[in-house]
Amino acid sequence: MRRAAFVILALLCVAGAFAQQEVFDLRQAVGTSFDEIALLPTRLTSFNQHDDAARATYTCCKPWQEREIEQALRANAAFLLTHPTSDFADDTLMHNARVTSVKKDFRAEIAAYQQLVTYYPDSDLADDACWGLANMYMRDQDHIAAIDTLNTLIFAWPESTWADDAHFAIAQEFRAVDDEQGYLQALEGMVRLHPRSDHCACALAMLADKYREVENYDAAIRASEDLIARFPCSDRLDDAMFCIAESLRHSGSPHEALAMYRRLIEELPGSALTNRAMREANTLARNLRGMGAEAPALYNVEAGDAGEAARDMFDYARHLENYRQFAEAIAAYRQFARTFPGSDSFDDALYNIGVCYQQMNILFEDINEAEGPEDLFRLQRRFEDAVGRRQAIPSEQHLSAVRDAASAFAEVVNHLEGSDLRDDALYQIARTYEDSERTEDMVYTYQQLVIFFPGSEHEMEALYEVLKYYADPANYDFAVQMYPALSAAYPNLFPEGLAQAKTDFLTLMRAYSSHVSFGWFEYHEHHIPYRVTCADLGPDAAFTMAAINMARGEYKLARKQLEPLTALHTNDFCAPATYLLAQANERLNSLDTARDLYATVAQQFPDSGLADDAELAVARLGQEAPAEYVQVVRDSFPYAPGQVDCYVGDEIVVFAPYTVTVKMRQYNMPNIWEQSQVLLEQWTGAEAGDRVVICVDNGCRQMERAAVLLPGCKIADPPQWSLGFESLARRTIAEVAGNALGGEGAWIDGLAKFAAASLQYDLVTETRDAIGSASAVVLPQQDVLDARSADIVVVDDAPRPRESTENRRLLGRGDVLVRREVVGDQDDRLRVEDVLHTERLEFADRDRRGDVVREDAIDRDLDQVTGSDRSGLGYADAMRCQDLLGQRACRHRFLMRCPRLPAAVASSWRVSPSAARTHPTGVPTLRSLPVRGTMDRPASP
């Protein structure tokens, strides 16, 4: 296949560099710039280049990092030039916006946002980019451009988390350009469309003020009464009462106006409007008395300003909090709340009480974890300040303020309806539980925030924590109890009753969690300016539920769910949805439609990694999975091969659920497994027989029977690359060895693990590095080398299998000479090590019959080799070795890669097949699997 050919080509290009364990040089391998990287038909190509550019972006945090900033911008530009249709292109533009903001390049930041909005309107980042662009214009006081951009956001993405912010912002922009009609319409739209927004109370107050300004007093009264009814603890409550009183006064209702002034004065004594209300009330009372009507007593305005007194008391409480005198601060805040219930800072005072308890709890945790008198002495002063009295730290008591903190914040959440601090208080309750490791309480609280406060600035973090918990199978029992409330709030995202099917539930939760987790990582760790909220999960829900329904055999329902996604041409799910829709139509026997959809994938989404799969699907259109392999699956374990996708290759057959197959194909995994089996057969000498059957589980099950079951939960974005290698290797080795190995499982496991590491080194590490990830080469390479070294120790220590023809055939194949105590003397060891590090040992194995190299040929001391031996037989060349993988302090054992030897040397070092295969001591000669590559690979220059 085309992909496999490219993989081998990439291997050959970089084999020489890795053979010496050098750091891979991207420029030497693929040219001088990122945009010259060859395009391979796999998602891995675009993923790697984007990943490298993203890592460059993540390092740009300060304006003075000029070099890093320019490198990131160049990498992003190169990616966009090479992969403009990739589903990573929108992410790259958002990264550009972040980098240019650090650089303080105003024009370039605007350009990045504009390009994302213009060219990728279906992206889940487009609304974030539009909001960012609007903020740029507002910051520049470009009101007309800001209005146009905010209008685009409001009408194109009405469900966006920024929609209420856009309504509120556009109202203020209309006011800035004196567009009274636009101002009123924006505020009315804000109130009507976003009744639960933090901006709603403020919008109602602004609307009432505007109506009163234009002398529409009835409308002003209605808006104010609406505010009082819906937001009784809002900071704008006193404004609403005052507006009603003023509107009544100006509309000729002095008695009603006086009653409203007096209500404000008596119910909200801490309001900044109290003194003004007193003056207006006194004026109305005098006027009524002048007309002969009864009027209440006048207020003593000169006695003091209650609003100023409230500010002074609040500032003093905050002063105590700043000095970490938490007990005194709590008392001051409580006194303030009792004295001035109408102050705009009333909810802040109750919220800050919770903050003080929270900080006390953090101090108490430090005290509980103190390791001795010195730690306690260091914390003594802080403890005395916090509790407000001189006393020793209790030594036998576990201190905690979790309940006090949670109760204080709960007071804000439960009783201050309309306060814009309610979501913040709920968030702090969750944080308090998190700090105290009360996980279930934390998740429940975060879920309440997601349900009752959509659009909150904390929604993304709360959603991240909830979905991370739900996606863990260990939490399933508690998640089932919590799920109905979430389903009731968001039925389109969390279908009713889904939790009763554990596999389907975990599949959907893992899909959501993956999306939100990455967004949280970029936003929280690297300040990339976007948020992922429930409003962004619609395409995830449609695609994943369609795949689940296909697994249930409900292809018509799946088709209905997928069709809208195929119209979102710049959305990440468009290509996968088109491919899955083609499969659904194929299942429904709509072959012409399926053929057209496969053609669409091949032609319009070359970077998706599905193009060649689509062409193969057309070639096999309408064909069922081979019956003999279906039966193998059914005989091996509980699995439904009739309700999954099927890949049929030359060496393997893969059955994969529809929830996994698209990602699996995008990352070329069937082809990697196919090539793995080819290499394993070459390395072990196994004869090609029936295809190996691989089943991918919808969850995390893994088994090895007549078929191999692999965990689908490991196929993510990107997948776990080592997946399946060890199972394939163990199967092939056991098949070749037959019964010769008896019950010695440790030895065969060691060989399988070593072979898996070699396969990963061949087919994944070098391939990934060859197509664009120079920054990530050294560590993965060393990890694989370490893994192979450890696995060789397992092989070395395992009991030897009994001698047999089958075993000799297994061990004799390959191109690696294994294990011999070469030297025991320290000086000799150093000389041999020097030679092994600088030169390469090459043996010939042209007849491929499994001839064994004589061990005594390398038992000779270097000093015993004559000059003629060195020159005539090329002894120095013969002693060169590419891989020195295993050493021990006392018994030095070497694993050497030995592909070929010049003919003259080969003839002197061969023994006939009938010669003895054992060392004189009786230990069998062991030739194991190769480090990488096949036996007929030419030696590296």
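The values are calculated or read from the model by the stated rules, or taken from the named source; none is laboratory data. Source: prediction; values computed, not measured. Every residue, glycine among them, receives a Cβ derived from its backbone with ideal geometry; neighbour counts consider all protein chains shown. Side chains are part of the model used for accessible areas, which takes the heavy atoms of the whole protein and leaves out ligands, DNA and RNA. Shrake-Rupley method; radii C 1.70, N 1.55, O 1.52, S 1.80 Å.
Some points to look at:
- Residue match in region 65-73 (condition: at pLDDT below 85 and within 26 Å of Asp122 (Cβ to Cβ)): no
- Test: residue in region 474-484 that is in contact (Cβ under 8 Å) with a residue 12 or more places away in the chain, open to solvent by 30 Å² or more (accessible area, probe 1.4 Å), more than 30 Å from Glu369 (Cβ to Cβ) and among the aliphatic types (A, V, I, L, M): yes
- Counting residues in region 320-335 that are more than 30 Å from Ala272 (Cα to Cα), surrounded by fewer than 17 Cβ atoms within 10 Å (Cβ to Cβ) and either within 37 Å of the chain's Cα centre (by Cα) or among the aromatic types (Phe, Trp, Tyr) (or both) gives zero.
- Of everything in region 673-685 that is over 33 Å from the mean Cα position of the chain (by Cα) and open to solvent by 20 Å² or more (accessible area, probe 1.4 Å), the residue that is nearest to Ile715 (Cα to Cα) is Val678.
- Only residues that are open to solvent by 60 Å² or more (accessible area, probe 1.4 Å) and closer than 18 Å to Phe340 by Cα were counted in region 301-318, giving 7.
- Just one of the listed residues (Asp424, Asp420) is among the acidic types (Asp, Glu), modelled with pLDDT of 80 or more, in contact with a His (Cβ under 9 Å, 6 or more places away or on another chain) and open to solvent by less than 50 Å² (accessible area, probe 1.4 Å), namely Asp424.
- Out of Cys713, Cys646, Cys695, sole residue that is part of a strand (DSSP E or B), open to solvent by 10 Å² or more (accessible area, probe 1.4 Å) and not charged (D, E, K, R): Cys646
- Filter result (crowded, with 18+ Cβ neighbours inside 10 Å and in a loop (DSSP other than H, G, I, E, B)) within region 512-531: Ile528, Pro529, Tyr530, Arg531
- Filtered residues of region 209-230 (kept if open to solvent by less than 20 Å² (accessible area, probe 1.4 Å) and not polar (S, T, N, Q)): Lys210, Ala219, Ala220, Ala223, Leu227
- Breaking point among (1) modelled with pLDDT under 90; (2) in contact with an Asp or Glu (Cβ under 6 Å, 6 or more places away or on another chain); (3) farther than 20 Å from Tyr530 by Cβ, for Leu81: (1)
- Meets criteria (crowded, with 18+ Cβ neighbours inside 10 Å, closer than 23 Å to Asp239 by Cα and acidic (Asp, Glu)) for Asp198: yes
- Single residue of region 605-626 satisfying the filter (part of a helix (DSSP H, G or I) and acidic (Asp, Glu)) that is surrounded by the most Cβ atoms within 10 Å (Cβ to Cβ): Asp613
- Only residues that are among the charged types (D, E, K, R), closer than 21 Å to Thr659 by Cα and not in a loop (DSSP other than H, G, I, E, B) were counted across region 475-509, and they come to 2.
- Test: residue in region 386-398 that is under 23 Å from Pro269 (Cβ atoms), open to solvent by 30 Å² or more (accessible area, probe 1.4 Å), out of contact with any Cys (no Cβ under 6 Å at 6 or more places or on another chain) and in a loop (DSSP other than H, G, I, E, B): no
- Lone unmet requirement of (1) touching a residue at least 40 places away in the same chain (Cβ under 8 Å); (2) in a helix (DSSP H, G or I) for His319: (1)
- Residues that are more than 45 Å from the chain's Cα centre (by Cα) and aromatic (Phe, Trp, Tyr) within region 215-262 comprise Tyr217, Phe242, Tyr261, listed in sequence order.
- Selected residue (criterion: modelled with the lowest pLDDT) from residues of region 430-439 that are in contact with a helix residue (DSSP H, G or I) (Cβ under 6 Å, 6 or more places away or on another chain) and open to solvent by 10 Å² or more (accessible area, probe 1.4 Å): Ser436
The rows are residues; the columns are (1) of a type outside the set (Gly, Ala, Ser); (2) modelled with pLDDT under 90.
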| position | (1), (2) |
| --- | --- |
| Asn589 | yes, no |
| Tyr598 | yes, no |
| Ala602 | no, no |
| Pro606 | yes, yes |
| Gly609 | no, yes |
| Asp612 | yes, yes |
| Val618 | yes, no |
| Pro626 | yes, yes |
| Ala640 | no, yes |
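- Any chance Ala547 is touching a Pro at 6+ places or on another chain (Cβ under 8 Å), buried (at least 21 other Cβ atoms within 10 Å of the Cβ), in a helix (DSSP H, G or I) and among the small types (Gly, Ala, Ser): yes
- Region 42-87, residues that are open to solvent by 20 Å² or more (accessible area, probe 1.4 Å) and touching a His at 6+ places or on another chain (Cβ under 6 Å): Tyr58
- Residue match in region 572-584 (condition: under 25 Å from Ser86 (Cα atoms) and surrounded by fewer than 16 Cβ atoms within 10 Å (Cβ to Cβ)): no
- Taking each residue of region 582-596 that is within 17 Å of Asp645 (Cβ to Cβ) and looking for partners that are among the charged types (D, E, K, R) and crowded, with 18+ Cβ neighbours inside 10 Å with beta-carbon atoms closer than 7 Å, six or more apart or interchain, yields Gln583/Asp645; Ala584/Arg559; Asn585/Arg559; Ala594/Glu586.
- Of the residues making up region 717-725, one or more are among the aliphatic types (A, V, I, L, M), assigned to a loop (DSSP other than H, G, I, E, B) and within 27 Å of the chain's Cα centre (by Cα).
- Every residue from region 407-417 that is touching a residue at least 24 places away in the same chain (Cβ under 8 Å), farther than 19 Å from Arg324 by Cα and open to solvent by less than 20 Å² (accessible area, probe 1.4 Å): Val412, Leu416
- Test: residue in region 359-373 that is assigned to a helix (DSSP H, G or I), under 30 Å from Ile451 (Cα atoms) and not polar (S, T, N, Q): yes
- Criterion: small (Gly, Ala, Ser) and in contact with a Cys (Cβ under 7 Å, 6 or more places away or on another chain) - qualifying residue of Ala72, Ala112: Ala72
- Filter pass, Gly750 being open to solvent by less than 10 Å² (accessible area, probe 1.4 Å), at pLDDT 80 or above and over 30 Å from Thr59 (Cα atoms): no
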